[in-house]
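Working notes, structure below.
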Amino acid sequence: MHKPLARLAILLSGRGSNMLALAEAVRAGVLHGLAEVAVVFSNDPAALGLDAAAALGLPTASLPSKGRKRESFDLEVVDILREYRPNYVVLAGYMRVLSPAFVRAFAGRIINIHPADTHQHQGLHAYEWAFDNRLSETKITVHLVDEGLDTGPILAQEVVNLIGADTLAEVQRRGLAVEHTLYAETLANLITGAAIPTLPTHNS
Ligand code: GAR
């Protein structure tokens, strides 16, 4: 008997290159036969990623967050997402800190990709941080989301070699190439039970 497909709610705020990579993995890659895209949601109705999702025929939804209080906005988003019955809420460049109410609504089922080692850099501008500090490598991290900022249990990390990357654009290009494969692979491992979360220690 086939297991039902895991339903993904993909949340984004921008161009959506990770969303596109996930959609492609669902169509013809490592997530094929494991997952389906239940909805692509944005807190910005003008996000390019929403148009890109709609062009693929994926269900989309949005609710503008501008000027809204965090918790009441998040509770409305929870209601919207629940209509799509997601098994996983997949953050793909969703540039909002989630309120505890949101995290609790989907506890243990929210996944994020962070463009740095979450032990070393939390929050925004992680590629700028790697570039400004002339790091010879950085680490892409996929982790479960808890109530802290980039503190949740790590599911997978992959090193990006930055030797010779002498522009920010090149740092981002190399990093995104890793993001686009690592996110889909990690989700596939999570769905099949092969990814085991490890707690970050914040002391490395
Ligand atoms: C990605 O690099 C993602 O890792 C990052 O935003 C970018 C979104 O790009 N997320 C964070 O920085 C979260 N703290 P995309 O819209 O092309 O997927």
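The values are calculated or read from the model by the stated rules, or taken from the named source; none is laboratory data. Just so we're clear, the structure is a prediction, and the values are computed from it rather than from any experiment. Quick reminder, even Gly has a Cβ in these numbers, built from the backbone with ideal geometry, and neighbours come from all protein chains shown.
The single residue among V39, V30 that is away from the ligand (no atom under 11 Å from the Cβ), over 16 Å from the mean Cα position of the chain (by Cα) and aliphatic (A, V, I, L, M) turns out to be V30. Within the range 82-104, is there a residue that is closer than 18 Å to P153 by Cβ, surrounded by 16 or more Cβ atoms within 10 Å (Cβ to Cβ) and charged (D, E, K, R)? Checked against the condition, which is being closer than 18 Å to P153 by Cβ, surrounded by 16 or more Cβ atoms within 10 Å (Cβ to Cβ) and charged (D, E, K, R), the range 82-104 yields no hits at all. Every test in (1) without any contact (Cβ under 8 Å) to a residue 24 or more places away in the chain; (2) touching a strand residue (DSSP E or B) at 6+ places or on another chain (Cβ under 6 Å) is passed by E158 save one, and that test is (1). Remark: L5 falls outside the filter, which requires a residue to be in contact (Cβ under 8 Å) with a residue 60 or more places away in the chain and either within 11 Å of the ligand (Cβ to nearest atom) or over 13 Å from the mean Cα position of the chain (by Cα) (or both). Would it be correct to say that G152 is within 20 Å of L98 (Cα to Cα) and either at pLDDT 95 or above or over 18 Å from the mean Cα position of the chain (by Cα) (or both)? Yes; evaluated as a whole, the condition is true for this residue. Summed over the range 92-127, the residues that are of a type outside the set (K, R) and more than 10 Å from the ligand (Cβ to nearest atom) give a count of 15. Somewhere in the range 148-160, is a residue within 27 Å of D51 (Cα to Cα) and crowded, with 18+ Cβ neighbours inside 10 Å? Checked against the condition, which is being within 27 Å of D51 (Cα to Cα) and crowded, with 18+ Cβ neighbours inside 10 Å, the range 148-160 yields no hits at all. D44: surrounded by 14 or more Cβ atoms within 10 Å (Cβ to Cβ) and within 13 Å of the ligand (Cβ to nearest atom), yes or no? So D44 passes the test. If you check I191 against the conditions, is it in contact with a strand residue (DSSP E or B) (Cβ under 6 Å, 6 or more places away or on another chain), more than 13 Å from the ligand (Cβ to nearest atom), closer than 22 Å to A28 by Cα and not hydroxyl-bearing (S, T, Y)? So I191 fits the description; yes. In the range 50-64, the residues that are surrounded by 15 or more Cβ atoms within 10 Å (Cβ to Cβ) form Cβ pairs under 8 Å with partners that are of a type in the set (F, W, Y) and assigned to a helix (DSSP H, G or I), at six or more places apart or across chains, as follows: L63/F73.
Of all residues in the range 33-54, those that are out of contact with any Gly (no Cβ under 9 Å at 6 or more places or on another chain) and not aromatic (F, W, Y) total 11.
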